[in-house]
1. If the requirement is being open to solvent by 60 Å² or more (accessible area, probe 1.4 Å), in a strand (DSSP E or B) and modelled with pLDDT of 95 or more, which of these qualifies: Ser71, Ser84, Ser105?
2. What about Ser98, is it in a loop (DSSP other than H, G, I, E, B) and either in contact with a Phe, Trp or Tyr (Cβ under 6 Å, 6 or more places away or on another chain) or loosely packed, with under 14 Cβ neighbours inside 10 Å (or both)?
3. How do the pairs read when you match residues in the range 101-112 that are closer than 11 Å to Phe30 by Cα with residues anywhere that are open to solvent by 30 Å² or more (accessible area, probe 1.4 Å) and hydroxyl-bearing (Ser, Thr, Tyr), using Cβ under 7 Å and keeping only pairs 6 or more apart or on different chains?
Amino acid sequence: MKKLLLILLCLPMTLLAQISHIVNAGMMYFNPYELNISIGDTVNWINDGGNHNVNFDINTLTGQSFNNPESFVSTPTNSLDIHSYIFTIPGTYDYDCSVYGHAASGMTGKIIVNNANSINEQNNTRKIIKIIDLLGKESKQTNQSLIYLYDDGTVEKRIIFE
């Protein structure tokens, strides 16, 4: 019973937690090439081998600005952790590795940061798997706190008064 109460008390903090994503970087690649994330999510670039960076400022191939909502460039490194960044502005971000010859060899990528409205639109297609009360029992009663579990892995706490 104590464990259940602890889980229920921690549930709101878990729901507010943002997601961390990993992009692997190696021999002229970023994997995945394109990543869809939400506002507030963190992206961590992990080095699979070599000397790399992430460049969200000036396109190494054209010399023109990427025109991203925000610009930054990390320092080239051969360490395991290339860079971490929390995305707070929605939009499409193009980037490359600006180490000599890497972008020309295909080391480019794209991050798409969804705003709150597009996240809510995605949630409209989800289906309810189960409705449970705060003790974990299936319930559809009103005038109490209920937890809705959806097929996309999201959880919603609702209180419905009738």
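1. Only one candidate passes the filter, namely Ser84.
2. Numbers: in a loop (DSSP other than H, G, I, E, B): yes; either in contact with a Phe, Trp or Tyr (Cβ under 6 Å, 6 or more places away or on another chain) or loosely packed, with under 14 Cβ neighbours inside 10 Å (or both): no.
Answer is no for this residue.
3. Listed pairs, sorted by first residue: Ala103/Thr60; Gly106/Tyr29; Met107/Tyr29; Gly109/Tyr33; Lys110/Tyr33; Lys110/Thr92.
Residues checked against (1) surrounded by fewer than 17 Cβ atoms within 10 Å (Cβ to Cβ); (2) modelled with pLDDT under 95; (3) of a type outside the set (Ser, Thr, Tyr); (4) part of a strand (DSSP E or B):
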position	(1), (2), (3), (4)
Leu9	yes, yes, yes, no
Pro12	yes, yes, yes, no
Leu15	yes, yes, yes, no
Ala25	no, no, yes, yes
Phe30	no, no, yes, yes
Ile37	no, yes, yes, yes
Trp45	no, no, yes, yes
Gly63	yes, no, yes, no
Asn67	yes, no, yes, no
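The values are calculated or read from the model by the stated rules, or taken from the named source; none is laboratory data. Since this is a predicted model, take the numbers as computed values, not measurements. Methodologically, a virtual Cβ is constructed for each residue, glycine included, from the backbone with ideal geometry; neighbour enumeration extends over all protein chains shown. These area figures cover heavy atoms from the full protein model, side chains too; ligands, DNA and RNA do not enter into them. Shrake-Rupley method; radii C 1.70, N 1.55, O 1.52, S 1.80 Å.
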